[in-house]
Structures are given as C-alpha cells and as structure tokens.
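Have a look at the structure below before the remarks.
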Amino acid sequence: MATRLRSPLVAGVGVVALVVGLAAGALTTRLTGLGGLGDIAAQRGLTAEEAGYALQSFVAPGKFDDYALVSSGGHSGQIHILGIPSLRLIKTIPVFTPESWSGYGIQGDRPDKVLGPGSDTRKQATPLTWGDAHHPALSETNGEYDGRWVYINDRANGRLGMVDLRDFKVKQILDIPNSQTSHGGAFVTPNSEYVHISSMTPTTEGYVPLEQYKDKYRGVSTFVKIDPTSGRGDLANSFQVELPPYTQDLADAGKRASNGLVFIGSYNTEMSIGTAGDGKPLEVGASKNDFDFLHVVDWQKAEQVARTKSVMRNGIRYIALDTVIAEGLLHLIPEPRSPHGADVSPDGNYVVVGGKLDPRVTIYDVERIKQAIAAKDFAGKDVFGVPILKLEGVKAGEVEVGAGPLHIQFDGKGHGFVSLFLDSAISKFTLGPKAGIAPDKAYKLVDKVSVHYNIGHLAASEGDTVAADGKWLVALNKWSVDRYPVVGTLHPQNFQLIDLQAPRMKVINETPIGFGEPHYAQIIKMSRLTKTIEAYQTGTDPLTFQKSDKATAKGAERVERSGTNVSVYMTAMRSHFTPDVIRVKRGDTVTFYITSIETGRDATHGFAIPGYNVNLSLDPGETLAVTITASKTGSFALYCTEFCSALHLEMQGWLLVEP
Ligand code: K7E
Ligand code: CUA
C-alpha cells in the first residue's frame with residue numbers, strides 16, 4: 001500500500017492536488033492514477049478533506065516527526081514528549097512524581113538525590129511526592145531553542161524541575177525560597193542566563209492572619225541563575241524581586257527589542273482575601289476593578305541592584321519592595337480585567353495580554369514602555385508606591401477576538417494567535433508595523449477556528465522564540481467532551497493540531513491526553529535535539545555524567561562487608577546479574593551499586609527486589625545505587641524487569657536475608 005501511495009506523490013502530485021482530486025467527488029474513478037487511494041478513503045468513510053488531513057499528519061512506520069512537542073503533564077507531575085505532526089506520544093519524563101518504569105522516586109539513587117532534596121522541609125510540611133507541572137521552558141541561545149535543558153515549574157509548591165536533554169532525565173528539583181504556589185514561569189531569558197519563576201498567591205514567612213494580607217503578604221519574582229555548564233539552578237547567584245500582594249499570573253521574558261525585561265500579568269489587584277475578609281468569594285472580590293496590572297520587571301537592572309542592595313533571605317538575595325521601587329525595577333501598566341497570559345512577540349516589540357473577562361487582546365508597544373519609564377511619564381502610583389504607566393501612552397492597539405482570551409502565540413510573520421476559553425476557539429490577529437504589518441492592516445482579527453473543547457494554552461512551532469516559524473499550532477484543550485469513547489468518569493483532555501500554512505486555520509489531527517492536565521507546551525524542531533545520547537559511557541553516574549566511583553567493571557564484581565553495612569558491586573548484562581546470590585543478615589544495611597555493562601542502544605535492564613519496594617531502570621552504561629535495610633528475613637527472588645533478551649526470564653537471582 002505504501003509504495004502505491006508514495007509513487008504518485010514522489011512524482012510531484014502534492015497533497016493539495018490530491019485533496020482537490022478527492023474533493024472533486026468521484027473518488028474512485030478520478031484517483032485510479034493514485035493506486036486506489038480513493039477506494040481506501042471511501043471504504044474508511046473518510047471525506048476528501050479528512051483524507052487530506054491524514055496525509056498531512058501521518059508519519060509512516062519508521063519515519064520521524066519533524067517537531068517535538070514538550071508538554072507539561074499538569075498534576076501528573078510529569079513532562080510528555082509528543083511528535084508533531086503525528087501527535088504520537090514518544091516519552092514521559094517523571095519530574096515531581098515517582099514513576100516506576102524508570103525507577104524514579106521508587107527507591108534508589110535518583111529519588112534520594114533529586115526528588116528528596118526537591119522538598120525543602122523548612123518550607124514544606126512534608127517531603128513531596130507530587131507537583132503540578134505547568135509551564136515547560138526549553139533553554140535558549142540567542143533567543144532560539146538550543147536543545148540543552150528543559151525547566152518546568154511546580155504550580156502547587158513553588159519549585160522548579162530541570163531536565164537534561166542529553167538523557168531526558170531530571171537532574172534537579174529546586175525548592176524556591178520565599179515562595180509557595182508559582183505561576184509566572186518557567187521562562188528562560190534569551191541566552192539562558194536565568195530561568196524565571198514568580199509566585200502566584202502572595203505568601204508570608206510563617207503564619208500571619210489573613211486580615212494583614214495587604215501589609216504583610218508579598219509576591220516574589222525569582223530569577224534563578226542557570227549554571228552554563230550543568231544547566232542547574234544556582235541559588236547562590238540567583239535573586240528575588242519583591243512584588244505587591246497582587247496575584248501574579250503568567251509571565252514572559254522579553255527578547256530582542258525587549259531583552260532585559262520580564263512581563264508578568266496579574267489579577268486580584270483588589271487584594272480580595274475571600275469570604276474571611278471582605279465577605280465575598282474570591283472570584284467576585286477579585287473581579288471588581290476594570291483593570292489589573294501588567295508588571296514590568298527590569299531584570300538586568302535588578303541583577304546589579306541584587307549585588308549591593310539586597311538582603312539574604314533563606315539562601316537567596318532578596319530585593320525588598322521599597323528598594324525595588326527606589327531603584328525603578330518595577331513598573332505597572334493597566335491591563336484588562338482578570339487577564340491570564342502575557343506573551344512577547346518574536347521580534348520582542350510587542351507584549352500581548354489576553355483579557356479573560358474582556359473580549360479583547362491588548363497589544364503593548366515595548367519601545368513606548370521603555371520611553372515612558374525613562375521619562376517617568378506616570379499616571380500615578382499604586383497603594384505601595386509602584387509607578388503606573390499611562391495605558392494610552394504604551395498601548396499599540398487592541399483587537400476584539402472573542403470570549404475568554406487566555407494565551408497568545410506567534411508565527412513570526414506578524415500574526416498572533418489567542419486561545420479563547422469560552423468560545424472554544426483560536427483567533428488569529430495581526431500585530432503592528434514593527435512586526436511588518438502595514439498600518440491599515442494592523443490590529444485586526446483575520447481568522448478564527450473552532451477547537452474542541454475549552455482550550456487553555458496553545459503552542460506554535462518554536463512560537464516562544466525569535467525563530468517562530470508559523471508551521472504548526474497545537475490547541476491544549478481542557479475537555480474532550482464527545483470526541484472519544486467513554487472510558488470511565490475521569491475523561492481525557494484533547495490536543496488538536498492546526499495547520500498554519502493553509503490559507504485558513506484548520507484542525508487536521510487530534511489525540512486524547514490520558515495522563516493529566518497539560519497546561520503549556522513548547523514545540524522544538526527535532527533537528528535541534530542534537531545533544532541527545534543513545535547510551536551512556538560505561539559506568540556513568542547519570543546525575544553528573546561523570547564516571548561513577550562505584551562503577552564496577554566486568555570481573556571486578558564483589559560483596560564487601562563492614563560491620564552491618566554490606567556493599568554489593570554488581571554488573572548487569574544479558575542475561576545475568578553478577579553476583580546473583582546475595583547473602584545478608586537481618587538488620588544489615590545493604591547497598592547495591594549496579595553497573596550496566598551493556599553498550600548498545602535499547603539494551604536496558606531493570607532491577608527489582610520483591611517485598612522491598614525496589615525497582616530501577618539500568619540504561620546501557622548506567623551506574624545506579626539503591627540502599628535497603630534488610631528488615632525482613634526470607635528468600636527474595638530479585639529479577640530484571642525489562643524484557644531484555646530471549647533469556648530475560650532467566651535474568652534473576654536471590655537476596656537471602658538470614659535470621
Ligand atoms: Cu493552565 Cu498557563 Cu498554569 Cu493558562 S495556566 S490554561
Ligand atoms: Cu535484563 Cu531482562
């Protein structure tokens with residue numbers, strides 16, 4: 001079938017011609033030249049249009065997708081990688097939550113070294129085993145994705161996860177001091193100098209009565225310094241900018257024309273605290289004002305101020321609000337009521353805000369923002385003394401786009417795309433002259449497409465970078481309603497793929513998302529993922545990418561005992577562990593240092609001990625450790641959990657715990 005289908009396409013009959021042919025109606029007769037393609041479409045009950053979509057998004061067996069969608073998994077605490085245009089799920093990366101295939105957080109090396117330190121128990125009531133993964137941020141060089149690292153914020157607990165794209169594994173979870181829930185992040189600055197994460201709900205240190213909300217509660221914008229070699233966050237060189245107790249929402253880093261600035265949307269500038277305080281539920285109290293505030297933070301200036309005028313607070317340099325104001329690090333701009341997203345265009349000239357309770361997007365001109373700040377052209381100050389810019393002075397335009405505008409993406413060709421939560425649609429609009437749009441065509445609605453259903457974020461191919469390419473757009477829909485068979489009461493969400501190269505936006509593919517609620521995703525060209533390895537050098541500690549001092553060579557396997565501490569230096573290869581019978585005494589502390597001496601791609605082993613809650617994935621070349629206390633006597637049949645060879649079932653051994 002594939003060859004019959006491919007040959008006419010190779011011969012120059014493009015998809016468009018095919019769709020036109022199919023649409024012409026007499027499927028079978030007209031398409032006989034295409035080897036019965038029309039028959040197939042007819043037999044499968046596909047319309048001509050649908051058959052065209054299939055050809056656009058189908059990736060043949062053995063072929064690769066052109067793009068990777070790096071998606072958050074929401075309160076599943078994970079990151080998921082899907083291919084574009086196929087929407088096939090390629091990989092799941094556990095970040096804030098245990099996952100037993102990879103052994104992450106189950107028992108062993110990485111949970112102790114990543115998930116464990118990922119909860120600061122001075123801040124958290126208990127070590128955390130879940131997180132609400134919202135916004136993935138790929139690292140950038142010169143404003144383009146560089147394929148090195150991904151960061152993601154934990155919306156629930158104010159933490160930041162960092163994944164190394166060499167092996168697609170989490171290397172660090174950083175518990176951000178002085179902040180609890182987080183939303184404005186993760187976003188990297190254009191050369192990955194910092195990854196930004198701002199608080200959502202203002203917090204205090206310890207208990208402070210809610211009645212003192214305005215006086216004592218504060219938000220915080222955190223710039224986590226990225227170590228340029230490891231990609232890890234370096235708290236000692238990071239800093240925080242204190243913010244008024246408005247509820248800071250989505251943020252975006254400036255680029256090109258706006259490099260050096262960060263923009264953070266906010267809501268609840270009313271500072272409503274719910275029924276305890278002002279007698280109204282928060283949803284009412286927080287929607288009173290006609291305007292909330294877009295925060296403009298000058299991070300390059302703040303970086304300087306942090307060196308001399310900050311205080312150390314829980315391990316991070318902290319710039320208090322009075323210093324923030326005195327140094328001119330923060331300015332506010334009125335934005336339509338209860339906005340959600342604030343996004344910077346690829347050229348950096350515009351910041352676009354979705355109004356949520358306003359049918360418009362508001363487009364701000366960065367140059368005019370900078371001029372107004374320099375000229376101190378203020379409309380006034382907020383109650384804390386933060387200067388407010390004049391809306392009319394910095395607004396470039398506004399476009400009526402539909403009901404419930406949330407988030408904005410760009411195609412790099414002068415257009416923005418905004419998700420409409422209430423309309424369940426995406427609107428396409430033009431930016432202004434600085435994005436190459438003629439003045440009479442600027443700030444206009446130009447297209448709209450329905451999606452299914454209740455879209456949250458949307459992601460355009462490389463749409464967060466200076467290299468937005470205008471090829472694909474993915475709608476991350478909250479509900480799937482009737483798109484899929486009912487499989488119980490917890491229903492999947494729905495991703496839909498939109499072709500941006502067609503004259504009108506069209507949904508051409510979709511996939512149910514059965515693993516959590518994705519909030520945001522970024523789309524990177526597969527060709528940028530050049531750092532990725534297939535297997536480790538033998539004996540690699542995956543946390544450091546260095547040779548582990550516990551790496552064990554073939555022939556050097558041994559068991560060492562020191563008092564009640566037993567160290568097992570083990571190797572794994574098809575199809576045995578060496579040693580495979582381990583004798584210990586009840587009460588011993590037993591550490592297994594296991595090195596996979598496999599070198600080939602895919603030659604993965606597992607290591608499970610029944611009854612002891614142990615499972616590891618031993619990827620080729622990897623050295624991992626797991627420590628147990630031999631508290632229960634018995635004969636435990638340890639085994640390899642990955643079907644690794646014809647003799648996989650034979651890859652087993654014994655942990656004998658003697659009384
Ligand atoms: Cu769900 Cu970006 Cu956290 Cu909007 S946020 S949808
Ligand atoms: Cu090794 Cu199965």
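Just a few scattered comments:
- Residue check for residue 584: away from ligand 2 (no atom under 16 Å from the Cβ), of a type outside the set (D, E, K, R), at pLDDT 95 or above and out of contact with any Phe, Trp or Tyr (no Cβ under 6 Å at 6 or more places or on another chain): yes
- Positions within segment 123-167 being away from ligand 1 (no atom under 14 Å from the Cβ) and of a type in the set (Lys, Arg), in sequence order: 123, 148, 159, 166
- Scoring residue 530 on the criteria (1) under 18 Å from residue 64 (Cα atoms); (2) not acidic (Asp, Glu); (3) not in a loop (DSSP other than H, G, I, E, B) leaves a single failure, condition (3).
- Residue check, residue 623 away from ligand 1 (no atom under 16 Å from the Cβ), under 29 Å from the mean Cα position of the chain (by Cα) and of a type in the set (Val, Ile, Thr): yes
- Scanning segment 432-479 for residues that are charged (D, E, K, R) and at positive phi yields a single hit, 462.
- Looking across segment 426-459, the residues that are within 15 Å of ligand 1 (Cβ to nearest atom) and closer than 20 Å to residue 355 by Cβ come down to 426, 451, 454, 455, 456, 457, 458.
- Residue 650 vs. criteria over 34 Å from the mean Cα position of the chain (by Cα), within 9 Å of ligand 2 (Cβ to nearest atom) and among the charged types (D, E, K, R): yes
- Of the strands (runs of 3 or more DSSP E) that lie entirely inside segment 400-500, those containing 1 or more residues that are among the acidic types (Asp, Glu) span 445-450, 493-499.
- Among (1) out of contact with any Lys or Arg (no Cβ under 9 Å at 6 or more places or on another chain); (2) of a type in the set (A, V, I, L, M); (3) within 26 Å of residue 496 (Cβ to Cβ) - the single one residue 445 does not satisfy: (1)
- Some residue of segment 58-65 being touching a Lys or Arg at 6+ places or on another chain (Cβ under 9 Å) and crowded, with 22+ Cβ neighbours inside 10 Å: no
- Residue within segment 536-543 that is touching a helix residue (DSSP H, G or I) at 6+ places or on another chain (Cβ under 7 Å), closer than 30 Å to residue 632 by Cβ and of a type outside the set (Lys, Arg) present: yes
- Total residues in segment 472-486 satisfying the condition of being in contact (Cβ under 8 Å) with a residue 12 or more places away in the chain and surrounded by fewer than 22 Cβ atoms within 10 Å (Cβ to Cβ): the figure is 6.
The values are calculated or read from the model by the stated rules, or taken from the named source; none is laboratory data. The structure presented is a predicted model; accordingly, all values stated were derived computationally and were not measured. Ideal geometry is used to build each Cβ from the backbone, glycine not excepted, and the neighbour counts take in all protein chains shown.
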